[in-house]
Amino acid sequence: MAGITLNDVSNILEKIIRPAVEDQLYNRVILWNMFGGFDPGTGDLKNKNAGVLKTDMDNQTFYVPTLQAHSNGAVTIAEGGTLVSGKPQLDQAAISARYATGTFQITKQTLAIRDAGIAVRQLDFYMKQNVLAMAIDLNRQGYNDGSGTITTAAGSGTAATALTFTASPNGDIDYTLYTPPGTILSIGGAQATVATIVAKNQITLAQATTWSNLATIKKLDGAGGAVVEMDGLNEALSTTSTYQGINPSTDPSWVAAYVSNPGSSVNLALSDMYQAFLQANRTGNCKYIVMNMTEFLKYGSLLQGQLRFDYKEVLGGGWKGLDFMGGNAQVVLDYTCPDDHIYFLSPEYWTIGEMKPFEWEKGTDGVLLRIQGTLNYEATGTWFGNFGNFKRSANALLANRVG
């Protein structure tokens with residue numbers, strides 16, 4: 001009796017696996033799960049936690065009008081006085097698409113399975129691992145500055161294969177999570193492939209490579225080219241860099257509400273959190289305060305004996321948070337968040353710009369592509385989109401905080 005056909009596999013991937021993948025992506029990527037949406041037709045701001053509202057992209061870009069200055073038409077006049085004809089001053093942010101991909105192989109052994117139900121379970125396992133890898137990387141990009149930098153090298157190497165990543169400030173992050181075996185890296189410009197993971201923040205390389213201390217480590221594509229990653233929070237909350245096509249030096253409204261980076265590590269204090277929260281709320285509606293484990297534990301300890309301690313579910317993906325200021329915002333734990341950064345976010349001023357929802361790319365056999373020189377096939381899932389922000393002043397950042 002023959003095994004399942006390529007057509008059977010394509011149907012399973014398209015009709016059963018793909019809807020589950022899209023649902024999992026929007027629940028696993030915590031920032032996707034938080035951010036709301038923008039309706040370009042009505043101009044309305046909308047927010048929905050589970051199953052994020054998305055803005056469609058046309059021609060690889062979508063445009064969002066931003067308020068540069070309020071209308072000058074508000075004036076109180078004397079009897080018989082003259083009105084001031086006014087209008088608000090608008091600017092326009094442009095958000096370009098990014099192309100996220102996830103690929104896995106389907107072995108000849110899978111194709112030899114005779115029971116379609118067993119094949120579904122096998123492909124479901126492949127899919128879950130693949131979507132987890134995509135979610136992990138997309139969540140990392142959500143906090144990054146768009147440069148593609150993962151971390152730096154701890155120490156130099158001369159024709160070496162053993163590489164140690166520089167530890168995160170609070171030690172919460174294991175950067176090997178983002179560099180599984182087979183990942184192609186640029187280490188200070190030198191290209192190398194990850195061979196094995198040895199321990200936390202330690203890998204071996206498939207090729208002997210030379211690098212300098214604190215060499216920048218980035219991912220490369222399959223041909224060794226630079227990757228182009230999403231516009232993340234560290235880019236959006238910069239007070240100086242041009243973001244989404246608008247330079248804050250020419251548009252003062254295009255600056256984050258509050259960015260505190262003392263340049264050296266300081267202990268987290270509730271007073272700092274109050275300052276950032278209130279500054280973000282000057283023009284926004286801060287609902288989420290995102291941090292990693294060390295700061296989350298520190299905040300919890302600061303609450304004891306001072307404020308109400310309330311642990312509750314706040315997002316559709318099952319993420320948990322602690323109350324802040326009596327529940328006006330939730331302090332949310334995310335293990336991917338830079339562990340010395342604390343983000344104060346107004347979700348209704350963020351959106352997911354989606355050029356193309358998750359789908360399987362077409363191959364030589366339905367959604368499968370025969371791998372040259374093997375009996376295996378591969379399936380490639382893609383999502384085209386990016387984060388969009390249209391009120392930087394509704395968000396704030398505390399950096400260089402330690403527990």
Which numbered condition Ala280 misses (of (1) surrounded by 16 or more Cβ atoms within 10 Å (Cβ to Cβ); (2) touching a residue at least 24 places away in the same chain (Cβ under 8 Å); (3) more than 18 Å from Glu348 (Cβ to Cβ)): (3)
Region 229-249: number of residues that are touching a strand residue (DSSP E or B) at 6+ places or on another chain (Cβ under 9 Å) and either surrounded by fewer than 20 Cβ atoms within 10 Å (Cβ to Cβ) or at pLDDT 85 or above (or both): 13
Positions within region 167-215 being within 21 Å of the chain's Cα centre (by Cα) and of a type in the set (Val, Ile, Thr), in sequence order: Ile173, Thr176, Thr179, Thr183, Ile184
Residue match in region 208-228 (condition: in contact with a helix residue (DSSP H, G or I) (Cβ under 6 Å, 6 or more places away or on another chain) and crowded, with 21+ Cβ neighbours inside 10 Å): no
Complete set of residues in region 175-186 that are open to solvent by 20 Å² or more (accessible area, probe 1.4 Å) and of a type in the set (A, V, I, L, M): Leu177, Ile184
Residue within region 257-272 that is in contact with a helix residue (DSSP H, G or I) (Cβ under 9 Å, 6 or more places away or on another chain), part of a loop (DSSP other than H, G, I, E, B) and at pLDDT below 90 present: yes
Filtered residues of region 357-371 (kept if free of Cβ contacts under 8 Å to residues at least 40 places away in the same chain and touching a Phe, Trp or Tyr at 6+ places or on another chain (Cβ under 8 Å)): Gly363, Leu369, Arg370
Single unsatisfied condition, Arg140 versus (1) in a helix (DSSP H, G or I); (2) over 24 Å from Ser238 (Cβ atoms): (2)
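Asp172 - would you say it is within 30 Å of Ala396 (Cα to Cα), touching a helix residue (DSSP H, G or I) at 6+ places or on another chain (Cβ under 7 Å), open to solvent by 60 Å² or more (accessible area, probe 1.4 Å) and outside any helix (DSSP H, G or I)?
Working: within 30 Å of Ala396 (Cα to Cα): yes; touching a helix residue (DSSP H, G or I) at 6+ places or on another chain (Cβ under 7 Å): yes; open to solvent by 60 Å² or more (accessible area, probe 1.4 Å): no; outside any helix (DSSP H, G or I): yes.
When the stated conditions are applied, Asp172 does not pass them.
A quick yes/no check of all residues on (1) out of contact with any Gly (no Cβ under 9 Å at 6 or more places or on another chain); (2) not hydroxyl-bearing (Ser, Thr, Tyr):
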| position | (1), (2) |
| --- | --- |
| Ser147 | yes, no |
| Thr151 | yes, no |
| Ala154 | yes, yes |
| Thr164 | no, no |
| Pro169 | yes, yes |
| Ala199 | yes, yes |
| Thr210 | no, no |
| Ser238 | yes, no |
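When you look at Gly403, is it touching an Asp or Glu at 6+ places or on another chain (Cβ under 7 Å), under 27 Å from Thr294 (Cα atoms) and modelled with pLDDT under 85, yes or no? Give the derivation first.
Working: touching an Asp or Glu at 6+ places or on another chain (Cβ under 7 Å): yes; under 27 Å from Thr294 (Cα atoms): yes; modelled with pLDDT under 85: yes.
Taking the combined requirement at face value, the residue satisfies it.
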Number of the exception - Ala167 against (1) among the small types (Gly, Ala, Ser); (2) part of a loop (DSSP other than H, G, I, E, B); (3) open to solvent by 60 Å² or more (accessible area, probe 1.4 Å); (4) farther than 26 Å from Leu297 by Cα: (4)
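Out of Ala135, Ala112, Ala116, I need the residue that is within 27 Å of Asn376 (Cα to Cα), modelled with pLDDT under 75 and in contact with a helix residue (DSSP H, G or I) (Cβ under 8 Å, 6 or more places away or on another chain). Which one?
Ala116
The values are calculated or read from the model by the stated rules, or taken from the named source; none is laboratory data. This one's a predicted model, so the numbers in the text were calculated from it and none came from an experiment. All Cβ positions, glycine included, derive from the backbone under ideal geometry; neighbour counts span all protein chains shown. Accessible surface is based on the protein model in full, side chains and every heavy atom, while ligands, DNA and RNA are left aside. Shrake-Rupley method; radii C 1.70, N 1.55, O 1.52, S 1.80 Å.
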